[in-house]
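Data first, discussion second: the structure below is written as structure tokens.
The values are calculated or read from the model by the stated rules, or taken from the named source; none is laboratory data. Predicted model, so just to flag it, every value in this text is computed and none were measured. Positions of Cβ are generated from backbone atoms using ideal geometry, with glycine treated the same way; all protein chains shown enter the neighbour counts. Protein only, heavy atoms only, side chains kept; ligands, DNA and RNA dropped before computing areas. Shrake-Rupley method; radii C 1.70, N 1.55, O 1.52, S 1.80 Å.
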Amino acid sequence: MAQTFTGGCLCGAVRYTVNADPLFAGNCYCEDCRKTTGTGHNSVFAVPSSAVQITGKLTEYTKPGGSGQPMTRGFCPTCGSRITGTPSALPGVTLLTAGSLDDPSQFNVQMSIFCSRAPSWDRPPADAPAFPEMAPPG
């Protein structure tokens, strides 16, 4: 049976439910993720887009991601909370920001990427694989 995840933004205008096991979960230390979170990394979990149900409106911003392909980030237009990421490099996959989970204990770091860019004050966890740039395929 698939896991159920629920979450949303700070003000409650955007909510989501996911009924699927994560495809992967991890921390990203790229400059874009640092800037969109305002801290040293972004923690996300990936799920099939078809398993995500979102209520409320998201404002989207698109620019090339670490793969060079467009990455679209979804934010609450009221409070600014980042909720989603949809990487063109991973069709059919939605990234959800772990900090938006109602139950943050559901998130488990499986890997860290772009670790060569991690700030000295926010180091990747030692108990999960860490890649200097993007994780290898597979």
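Mind counting the residues in the stretch 92-124 that are part of a loop (DSSP other than H, G, I, E, B) and either within 22 Å of residue 16 (Cα to Cα) or in contact with a strand residue (DSSP E or B) (Cβ under 7 Å, 6 or more places away or on another chain) (or both)?
9
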Quiz item: Inside the stretch 11-27, can you point out the residues that are out of contact with any Gly (no Cβ under 8 Å at 6 or more places or on another chain) and hydrophobic (A, V, I, L, M, F, W, C)?
Solution: 11, 18, 20, 23, 24, 25
Practice problem: Please identify the pairs in which a residue from the stretch 1-27 that is open to solvent by 70 Å² or more (accessible area, probe 1.4 Å) has its Cβ atom under 9 Å from the Cβ atom of a residue that is modelled with pLDDT under 95 and part of a loop (DSSP other than H, G, I, E, B), counting only partners at least 6 apart or on another chain. | Solution: 19/2; 19/3; 21/2; 21/3; 23/90
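Scan the stretch 98-114 for residues that are open to solvent by less than 20 Å² (accessible area, probe 1.4 Å), within 13 Å of the chain's Cα centre (by Cα) and not small (Gly, Ala, Ser) and jot them down.
So the first thing to find is which residues in the stretch 98-114 are open to solvent by less than 20 Å² (accessible area, probe 1.4 Å), and the list is 98, 100-101, 112, 114.
Retained after the next criterion (residues that are within 13 Å of the chain's Cα centre (by Cα)): 98, 100-101, 112.
Hit for the stretch 98-114 is 101, nothing else.
Among the residues of the stretch 1-20, how many are touching a helix residue (DSSP H, G or I) at 6+ places or on another chain (Cβ under 8 Å) and in a strand (DSSP E or B)?
Narrowing the stretch 1-20 to residues touching a helix residue (DSSP H, G or I) at 6+ places or on another chain (Cβ under 8 Å): 2-3, 5, 7-9, 16, 18-20.
Then drop every residue that is not in a strand (DSSP E or B), which leaves 5, 7-8, 16, 18-19.
Residues meeting the conditions: 6.
Here is a yes/no grid of residues against (1) under 17 Å from residue 25 (Cβ atoms); (2) among the hydrophobic types (A, V, I, L, M, F, W, C):
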site: 46; (1), (2): yes, yes
site: 61; (1), (2): no, no
site: 64; (1), (2): no, no
site: 82; (1), (2): yes, no
site: 90; (1), (2): yes, yes
site: 94; (1), (2): yes, no
Quiz item: Of 73, 82, 117, which residue is buried (at least 16 other Cβ atoms within 10 Å of the Cβ), more than 20 Å from residue 15 (Cα to Cα) and among the charged types (D, E, K, R)?
Solution: 117
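For the stretch 33-55, give me the residue count where each residue is in a loop (DSSP other than H, G, I, E, B) and open to solvent by 20 Å² or more (accessible area, probe 1.4 Å). Give the derivation first.
The first filter runs over the stretch 33-55 and keeps only residues in a loop (DSSP other than H, G, I, E, B), leaving 38-41.
Filter once more, keeping what is open to solvent by 20 Å² or more (accessible area, probe 1.4 Å): 38-39, 41.
Count: 3.
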